[in-house]
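Visitor: Sharing a structure with you now.
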Amino acid sequence: FLNSFLVLSLLINIYKAERELPENKMELYQKCFDYIAYRREKEKTKAKFDWERISCMMKDNTFMELAKMCFPNNSDIGKDEIVEMLCRTYSRKYTSIAETECAAEQFLAFCSDRTELFVPAAGEDRFKFFHRSFFEYFYAQYVFLRVREVEEVYNLLQQFDVDSEVFELTLAMMKQKDEPRYQELMEYIFQKSNDEIKEKNAKLNAFNVLTLGMQVVDDNIYISRYVDYVVNNYESIIKNIEHIPNQGIIYNV
């Protein structure tokens, strides 16, 4: 966390307010979202923003949809696309399309002016997540809640770089809230890892996904299987070591 001044400053504020720190990354990002979207700003901005109008948009669902639109590299997206999505999603919350559009405009104005969450990008009338960690946290939520088939989850995870947090965040959410699907996904990733190691020019993509996910795995059976996999396939792993950038995680496991 010391590598990110934003996250560090948010941690300090959370500790000052609650006298304790979040226990894990999931809890950290949720508390950061609550803090910068509500607790820090709501009272201070009542005179400038109509909170009754924008409050129904200021929730996880909105930022999950925005993360889906920014997939896969926190790409910037146009204001018109965002307003269209917000109107489509929340039109039943308001009395007219015009009122919904007005709320969407004010939501974006609030985000631009008062938060370090979703902010204007370099291009005119374009927006993106201020920090990649927030994008990945909300995308992991999107995957957990909206993507049911583990094959599709795996394919989406493969679109991210190996320095991403989305692997551990997705598995952590499943492990905490949907144990059967978590186990199904772990079995699937192990199977993909076993299949690819037999290939002549394996890039070990599945093994990298497995390794990144192991950061939050505490099940003895999966830890043992992972160690066995490394021991049984050490020659192939060493041969392809240039494709494995997260070797420190292997040592930790």
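Visitor: Counting only heavy atoms of the protein chains, get the accessible area per residue of the range 106-244 (1.4 Å probe) and round it to a whole Å² value.
Guide: 48 Å²
Visitor: Separation between the SER9 and ASN220 pseudo-spin-labels, each 7 Å from Cα along Cα→Cβ, expressed in nm?
Guide: 4.6 nm
Visitor: Which percent of the accessible area of the chain is formed by carbon and sulfur heavy atoms (probe 1.4 angstrom)?
Guide: 47 percent
Visitor: Report the equivalent ellipsoid semi-axes for the chain in whole Å, largest first, defined as the square roots of five times the eigenvalues of the gyration tensor built from alpha carbon atoms.
Guide: For the chain, the ellipsoid semi-axes come out as 38, 20, 16 Å.
Visitor: Taking 8 Å as the Cα distance limit and 6 or more residues as the minimum spacing, I'd like the relative contact order of the chain as a percentage.
Guide: Taking the mean separation of contacting Cα pairs over the length of the chain, I get 14 percent.
Visitor: Which Cα, out of GLN215, ASN232, VAL253, lies furthest along the positive dipole direction of the range 99-253 (beta carbon charges, K/R +1, D/E -1)?
Guide: ASN232
Visitor: Right, next: Under unit Cβ charges (Lys, Arg +1; Asp, Glu -1), what dipole magnitude, rounded to 20 debye, does the chain have relative to its Cα centre?
Guide: 560 debye
Visitor: Just subtract the alpha-carbon distance of GLU242 and MET69 from 0.36 nm times their residue separation and send over the number in nm, one decimal.
Guide: Contour length minus the Cα-Cα distance gives 59.1 nm.
Visitor: I would also like to ask the following. Can you tell me how the range 130-243 classifies by the Cα gyration tensor, rounded, prolate or oblate, using a/c under 1.5 as the rounded cut?
Guide: Here the range 130-243 falls in the prolate category.
Visitor: Please give the per residue volume of the convex hull enclosing the alpha carbon atoms of the range 108-197, rounded to a whole number of Å³.
Guide: Here the figure is 119 Å³ per residue.
Visitor: Indicate the gyration tensor shape class of the range 143-184 (rounded, prolate or oblate), computed on the Cα atoms with a ≥ b ≥ c the square roots of the eigenvalues: a/c under 1.5 is rounded; otherwise a/b larger than b/c is prolate and the rest oblate.
Guide: oblate
Visitor: FRET efficiency for VAL253 and GLU105, Cβ-Cβ distance as r, R0 = 41 Å, nearest 0.05?
Guide: The computed FRET efficiency comes out at 0.25.
Visitor: So if a site counts as exposed when it's one of the GluC sites (Glu not before Pro), its DSSP state isn't H, G, I, E or B, and it has at most 10 other Cβ atoms within 10 Å, what's the longest stretch of the chain without one?
Guide: 44-123
Visitor: Using the Cα gyration tensor of the range 42-138, with a ≥ b ≥ c the square roots of its eigenvalues, what is the shape: rounded (a/c below 1.5), prolate (a/b larger than b/c) or oblate (neither)?
Guide: prolate
Visitor: Just the accessible area for THR211, please: 1.4 Å probe, Å², rounded to the nearest 10?
Guide: 0 Å²
Visitor: Here is a further query. Using the structure shown, select from LYS68/LYS198; LYS25/LYS59; LYS59/LYS79; LYS68/LYS93; LYS31/LYS177 the pairs with a Cα to Cα distance greater than 24 angstrom.
Guide: Result: LYS68/LYS198 exceed 24 Å.
Visitor: Provide the FRET efficiency to the nearest 0.05 for the GLN158-ALA17 pair, computing r from the beta carbons and using R0 = 35 Å.
Guide: 0.35
Visitor: Fully extended, how many nm does the chain gain between ASN232 and ASP34 (0.36 nm per residue separation, minus their Cα-Cα distance)?
Guide: 66.7 nm
The values are calculated or read from the model by the stated rules, or taken from the named source; none is laboratory data. Quick caveat, the model's predicted, so the values are computed rather than measured. Because the Cβ atoms are built from the backbone with ideal geometry, glycine has one as well, and the counts that use them run over all protein chains shown. For accessibility, only protein heavy atoms count, side chains too; no ligands or nucleic acids. Shrake-Rupley method; radii C 1.70, N 1.55, O 1.52, S 1.80 Å.
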